[in-house]
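Engineer: Take a look at the following structure, please.
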Amino acid sequence: MADEKKDKGFIGKVIDTFSSRDEKEALEAAQKELEAAKKEAAEAKTEAKAAAEAKVKAKTAEAEKRAALFAQRQAEAAKAATAQKFIAEHPVQSGETLSHLAQKHYGNASKPYWTLIYEANKDIIGSNPNVIKVGQTLKIPELPANLKK
């Protein structure tokens, strides 16, 4: 190979010099492009991470908002429950219904009256007002002004 360089002469050496320079420039350009691509990838990764963090923050804020609203509603319900006055406590006997209790305590068995008893005792009765059990002690709330005769 050393002999080949000697045989090329002046023009061959000049061509080799320019070829080598072009190759170096191409290599440098490729390295710059690679660095730019790496930088873009890093920026894109940073932007994606920031977007993901923003999304998590938004979801967290929404969850906190829902939790605060739920806590507020619970506090309001507890306040309403403690503010309500009761006129009696009634242990449920076999065969009784909420309508029976409304008739006994209010003199009226219609829906607004027995519903009042149900709402005051929903935590004891459960989700079905048609199922009350013997032995449950239900609180009989005072009639609101709109149901008094």
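The values are calculated or read from the model by the stated rules, or taken from the named source; none is laboratory data. All values reported here derive from a predicted model rather than from experimental measurement. A quick note on method: Cβ atoms are made from the backbone with ideal geometry, for glycine too, and the neighbour counts reach across all protein chains shown.
Engineer: Could you please find all residues in the stretch 80-105 being closer than 10 Å to ILE140 by Cα, of a type in the set (Gly, Ala, Ser) and loosely packed, with under 15 Cβ neighbours inside 10 Å?
Structural biologist: Residue satisfying the conditions is ALA88 alone.
Engineer: Can you name the condition, by its number, that ILE15 falls short on among (1) β-branched (Val, Ile, Thr); (2) farther than 30 Å from PRO129 by Cβ; (3) at pLDDT 90 or above?
Structural biologist: Failed condition: (3).
Engineer: Mind counting the residues in the stretch 106-124 that are in contact (Cβ under 8 Å) with a residue 24 or more places away in the chain and buried (at least 18 other Cβ atoms within 10 Å of the Cβ)?
Structural biologist: 5
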